[in-house]
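The structure under discussion appears below in the form of structure tokens.
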Amino acid sequence: MENKKFAKKRVVTNCESCVYYDFDEDLDAYVCIRNLDEDEMERFLAGRNHSCPYYRFYDEYKSVHKQI
């Protein structure tokens, strides 16, 4: 039981809601614009990157909240 107490929580991420997930007109597809290393890119392309260390939630209304 003590091991569970100190277990690292894995945050499940969704690339579609990430700041770094953007449309590339040259590729005509959505891509991660973060510079990933070879292993990270392989996990991303395989769809196995459920706990991305670079994930940041994109809140398109964040600037609107500041204006109010």
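The values are calculated or read from the model by the stated rules, or taken from the named source; none is laboratory data. This one's a predicted model, so the numbers in the text were calculated from it and none came from an experiment. Counting neighbours? That spans all protein chains shown, and the Cβs are built from the backbone with ideal geometry, glycine included.
For PHE57, are the conditions met, namely being loosely packed, with under 13 Cβ neighbours inside 10 Å, in contact with a helix residue (DSSP H, G or I) (Cβ under 8 Å, 6 or more places away or on another chain) and modelled with pLDDT of 85 or more? Taking the combined requirement at face value, the residue satisfies it. When each of ASN3, ASN35, ASN49 is tested for being polar (S, T, N, Q), outside any loop (DSSP other than H, G, I, E, B) and either exposed (fewer than 12 other Cβ atoms within 10 Å of the Cβ) or modelled with pLDDT under 85 (or both), the lone residue that passes is ASN3.
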